[in-house]
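Derivation of every value follows stated rules applied to the coordinates shown; laboratory data play no part. Just so we're clear, the structure is a prediction, and the values are computed from it rather than from any experiment. A quick note on method: Cβ atoms are made from the backbone with ideal geometry, for glycine too, and the neighbour counts reach across all protein chains shown.
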Amino acid sequence: MSARAIRALLFALLTAAAGGARAAAHSDLEIYFIDVEGGQSTLVVTPGRHSLLIDTGWAGDGSGFRTGDPHRARDANRIVAAARDAGVDRIDYLLITHFHVDHDGGVNELAQLMPIGVFIDHGSPSEQAEKTSAETRDGFAAYAKVRNAAAGHIEPRPGDRLPLTDVEATVVSSAGATLAGPLPGAGASNPLCGEQARAPGDPYENPRSTGVVIRYGAFRFLDVGDLTGEPLFHLACPQSLIGPVDVYLVAHHGGPDAADPAIFAALRPRAAIMNNGVRKGGARSTYQALHQVPGLESVWQLHLSAEAGDSNFAAPYVANLDEDTAHWIKLVARADGSFRILNQRTGEWREYAARP
């Protein structure tokens, strides 16, 4: 075992011990879907108050301009605000789904604002990533500098479990590979499968996204980053390798390459979350597909989508009606599988009973 792996293991043991004393005051899993204007940043806080941050949004002000002052960094400060609301003062584990700057861009600034423990990712970008995303190499270089100074670094494979002690977090995809077989309770055939996957909008780095399903008791949440193309298709067709989930963070910000009805049929979500921006993600075709998903009780959007037009979902399910606000969507799940979702903009919750 390498020195970095030993440090990661020791870190996991220490965080588990520290969290045990705090767990008695909390019995729920909390998930914050943070508005990073069409990028991704999702904060998971376990009942034991361990924190897993999935992606960090953009650097600087989101336009590529870096102020040099982390306190003025838009997305890093939005993450800190959500962490404070959750009552955590560090990121125990940081999972970077893939190396695009709307996902790993905020790491450098966030690390100056709060401690980050163990880094989780698929190692390095595709050698061809810059063909579709010119900033990938520079963004990764900045990210790797912070990662190299961290307590530990994990490169999981599909089927591996992340070192969280009070929830079960199973990796379902990474570096272009996916689960070899169905998870427990999964494996049903999918009659909506076509002959092949939809072409991914980005064929180089998005299909390499590290995806994870998080289970707390009877509750299941799925986040696959920007996973699209053959790997996403393989998780759903010809059989569902993941099985039903309660909440699905729609892949690739709800882009058109994530609109395949077969994916939604395989996952059977009760609620879907769209981490779109006004003009990024949120494709009309994806919204139209979601309107037709059987058993889907509601779809939540971080932003009203300009492209979706009249296919946007009702305003109570939209956190930000324009780009002048930065409200989050918050989910609180119970071990019996029931959960509730808050629109920070309206202050209103929606309750979801446990599945029969």
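Under 28 Å from the Cα of Lys330, which lysines turn up, not counting those fewer than eight places away in the same chain?
Straight-line reach from Lys330, under 28 Å: Lys280.
Need the full-extension length gain, Ala353 to Ser124, defined as separation in residues times 0.36 nm minus the C-alpha distance. One decimal, nm.
Result: 78.3 nm gained on full extension.
With a 10 Å cut-off between alpha carbons and a GNM built on the chain, which of Glu195, Glu109, Glu205 moves the most?
Glu195
Starting from the Cα of Lys145, draw a straight line to each of the lysines and keep only those under 26 Å, dropping any in the same chain fewer than 8 residues away.
Cα-Cα hits under 26 Å: Lys131.
What are the extents of the Cα atoms of the chain along their three principal axes, in Å, largest first?
The Cα atoms of the chain stretch 48, 43, 41 Å along the principal axes, largest first.
Stretch Glu168-Ala180 to full length: gain in nm at 0.36 nm per residue minus the Cα-Cα span?
2.5 nm
Looking only at Pro316, Pro200, Pro115, which one moves most when the chain is put into a Gaussian network model with springs between Cα atoms under 10 Å?
So, out of Pro316, Pro200, Pro115, the one fluctuating most is Pro115.
Give me the one-decimal nm value for the distance between modelled label points at Gln112 and Asp85, 7 Å along each residue's Cα-to-Cβ direction.
Using points 7 Å along Cα→Cβ, the separation is 2.5 nm.
Answer rounded, prolate or oblate for region 113-202, using the Cα gyration tensor with square roots of eigenvalues a ≥ b ≥ c: rounded when a/c is under 1.5, else prolate when a/b is larger than b/c, else oblate.
oblate
By the gyration tensor of its Cα atoms, with a ≥ b ≥ c the square roots of the eigenvalues, what is the shape of region 245-356: rounded for a/c under 1.5, prolate for a/b over b/c, or oblate?
Note, shape of region 245-356 comes out oblate.
Would you mind computing, in nm to one decimal, how far apart the modelled labels at Arg72 and Ala306 are, each placed 7 Å from Cα along Cα→Cβ?
For the pair Arg72/Ala306, the computed spacing is 2.6 nm.
At 15 angstrom or more along the helix axis (alpha-carbon based) and mean Kyte-Doolittle of 1.6 or higher, what helices does the chain contain? Whole DSSP H runs only.
Both cut-offs are met by no helix.
For Ser189 and Gln292, compute 0.36 nm times the residue count separating them, minus their Cα-Cα distance, and round to one decimal in nm.
Working it through step by step, the gained length comes to 35.1 nm.
Taking the Cα centre of the chain as origin and charging only Cβ (+1 Lys, Arg; -1 Asp, Glu), how large is the dipole, in debye to the nearest 20?
Here the chain has a charge dipole of around 820 debye.
Tell me whether region 151-304 comes out rounded, prolate or oblate; compute the Cα gyration tensor, take square roots of the eigenvalues as a ≥ b ≥ c, and use a/c under 1.5 as the rounded threshold.
Verdict is rounded for region 151-304.
Using the charge dipole of region 3-352 (Lys, Arg: +1 at Cβ; Asp, Glu: -1 at Cβ; taken about the Cα centre), state which of Gln344, Ala272, Gly48 has its Cα farthest towards the positive end.
Of the listed residues, the answer is Gly48.
Could you line up Lys330, Lys280 from fewest to most neighbouring Cβ atoms inside 10 Å?
Going from least to most buried by this count: Lys280, Lys330.
Among Pro238, Pro182, Pro191, which one moves the most in a GNM of the chain with springs linking Cα atoms closer than 10 Å?
Largest GNM mean-square fluctuation: Pro191.
Please list 260-272, 287-299, 92-104 highest first by mean number of surrounding beta-carbon atoms within 10 Å per residue.
In descending order of packing, they fall as 92-104, 260-272, 287-299.
Can you give the helix-only mean residue ellipticity at 222 nm for the chain, where every DSSP H stretch with n ≥ 4 adds -39500 (n - 2.57) and the sum goes over all residues, rounded to the nearest 500 deg cm²/dmol?
The per-residue figure over the chain is -6500 deg cm²/dmol.
So for the chain, taking the charge dipole from beta-carbon charges (+1 Lys/Arg, -1 Asp/Glu), which of Ala81, Val299, Gly117 sits furthest toward the positive end?
Gly117
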